[in-house]
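Just below is one structure, and these are the notes that go with it.
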Amino acid sequence: MRKFFIAGNWKMNLLRDSSVALVHQLMDQLQNTSSVDVAVCPPSVYLHDVGAALRGSPIQLGAQNVHHATEGAYTGEISCAMLNDLGCRYVILGHSERRAIFGETDVDVNVKLHAVLKAGLTPIVCVGETLQQREAGETQQVVRGQCTHSLSGLTNEQMAKTVLAYEPVWAIGTGKTATPAQAEEVHADIRKLLATTFSGSVANAVVIQYGGSVKADNAMELLGQPNIDGALVGGASLKSDSFLAIVQAAAKIKK
């Protein structure tokens, strides 16, 4: 039985005081979240402060990116060991903004993925097509290709510990959202690919989030789809009321 997982990707937003204030607001309302896993992913410079504020809370801490090396001359980067040291549990990998703006490839994501799993952290691997690719009828080809290459070399056990997030690029930060049917179609196909590549039991165990302008008013319908197991939330995670509403929508749905 898969458990809903709602994660907030704060991207490059908020400052230290507003970050800590936000998690305190969330903690006040999320004391009983046994039916939903919840995490927040602040900018790396605030991981320590947010992690300290979350101590003793059911809300988990996540990072937005990591470098694959354990240490070395990588100016500006952070390692898995550093994230572990700060109490992180999750790491977002291969977000479309990392791919498009910073040129990260499936190979880059795969190298980081193996490092993250080796370090005992839980990866959230993002995949998704652009508007041009969707309009050209290439969604399945693109998403399957990203999954195949990004997840290369994983054992069944490692795959079962990996979270996936389908985020159509055209729906991220645009206000546009894939319809529940569109999102479910891709999620179902990803699970079918996992069953073929790994096993049916692994495919059934993997949590696949949806991301792309998830809001309080569309969360219930999206999360109600059979193969959508949660949400990777962007803008709506920056305010406690909108993020809480998404978590509460998940809690109301019985898988």
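The values are calculated or read from the model by the stated rules, or taken from the named source; none is laboratory data. All values derive from a computational prediction rather than experimental measurement. Glycine gets a Cβ as well: all are built from the backbone with ideal geometry, and neighbour counts include every protein chain shown.
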Of the conditions (1) under 21 Å from residue 24 (Cα atoms); (2) in a loop (DSSP other than H, G, I, E, B); (3) touching a Phe, Trp or Tyr at 6+ places or on another chain (Cβ under 7 Å), residue 67 fails just one. Which one is it? (1)
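Look through 213, 237 and report the one residue that is within 14 Å of the chain's Cα centre (by Cα), crowded, with 20+ Cβ neighbours inside 10 Å, in contact (Cβ under 8 Å) with a residue 12 or more places away in the chain and part of a helix (DSSP H, G or I).
Sole residue among the options that is within 14 Å of the chain's Cα centre (by Cα), crowded, with 20+ Cβ neighbours inside 10 Å, in contact (Cβ under 8 Å) with a residue 12 or more places away in the chain and part of a helix (DSSP H, G or I): 237.
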Filter region 217-234 down to residues that are crowded, with 17+ Cβ neighbours inside 10 Å and more than 19 Å from residue 34 (Cα to Cα), then give me how many there are. 6
Would you mind stating whether residue 45 is among the β-branched types (Val, Ile, Thr), part of a strand (DSSP E or B) and closer than 20 Å to residue 97 by Cβ? no
Is at least one residue of region 134-142 out of contact with any Leu (no Cβ under 7 Å at 6 or more places or on another chain) and closer than 21 Å to residue 37 by Cα? no
Does at least one position in region 97-107 carry a residue that is over 16 Å from the mean Cα position of the chain (by Cα), surrounded by 22 or more Cβ atoms within 10 Å (Cβ to Cβ) and in contact (Cβ under 8 Å) with a residue 12 or more places away in the chain? no
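Restricting to region 130-153, and then to whatever is assigned to a helix (DSSP H, G or I) and of a type in the set (Gly, Ala, Ser), can you tell me which residue is farthest from residue 177 (Cα to Cα)? Give the derivation first.
As a first pass, look at region 130-153 and keep what is assigned to a helix (DSSP H, G or I): 131-135, 139-150.
Now narrow it down to the ones that are of a type in the set (Gly, Ala, Ser): 145, 150.
Numbers: 145: 22, 150: 24 Å.
So the residue we want is 150.
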Working only within region 49-96, note down all residues that are within 19 Å of residue 127 (Cα to Cα) and buried (at least 21 other Cβ atoms within 10 Å of the Cβ). 62, 63, 64, 66, 90, 91, 92, 93, 94, 95, 96
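For residues in region 162-195 being basic (Lys, Arg) and at pLDDT 95 or above, which is farthest from the chain's Cα centre (by Cα)? Can you show your working first?
Filtering region 162-195 for residues basic (Lys, Arg) gives 176, 191-192.
Restricting the remaining residues to those that are at pLDDT 95 or above gives 191-192.
Working: 191: 16, 192: 20 Å.
Among them, the one singled out is 192.
Filtering region 24-57 down to residues that are closer than 18 Å to residue 231 by Cα and modelled with pLDDT of 95 or more, which residue is farthest from the chain's Cα centre (by Cα)? Break it down stepwise before answering.
Initially, region 24-57 is screened for residues closer than 18 Å to residue 231 by Cα, giving 26, 30, 33-42.
When the remaining residues are screened for being modelled with pLDDT of 95 or more, the result is 26, 36-42.
Values: 26: 18, 36: 14, 37: 12, 38: 11, 39: 9, 40: 10, 41: 9, 42: 13 Å.
Ranking the qualifying residues of region 24-57, first place goes to 26.
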So which helices (runs of 4 or more DSSP H) stay within region 78-127 end to end and still have 1 or more residues that are modelled with pLDDT under 95? 96-102
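Given the condition in contact (Cβ under 8 Å) with a residue 60 or more places away in the chain, surrounded by fewer than 18 Cβ atoms within 10 Å (Cβ to Cβ) and more than 17 Å from residue 8 (Cα to Cα), answer yes or no: does some residue in region 190-198 qualify?
Looking only at region 190-198, we keep the residues that are in contact (Cβ under 8 Å) with a residue 60 or more places away in the chain, and these are 190.
Filter again for surrounded by fewer than 18 Cβ atoms within 10 Å (Cβ to Cβ), leaving none.
For region 190-198, residues in contact (Cβ under 8 Å) with a residue 60 or more places away in the chain, surrounded by fewer than 18 Cβ atoms within 10 Å (Cβ to Cβ) and more than 17 Å from residue 8 (Cα to Cα): absent.
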Condition first: farther than 24 Å from residue 242 by Cβ and outside any strand (DSSP E or B). Can you find one or more residues in region 54-63 that meet it? yes
Scan of region 1-22 for residues that are of a type in the set (D, E, K, R) and touching a helix residue (DSSP H, G or I) at 6+ places or on another chain (Cβ under 8 Å), ordered by number: 2, 11, 16
Extreme residue, surrounded by the most Cβ atoms within 10 Å (Cβ to Cβ), among residues of region 9-42 that are polar (S, T, N, Q) and part of a loop (DSSP other than H, G, I, E, B): 33
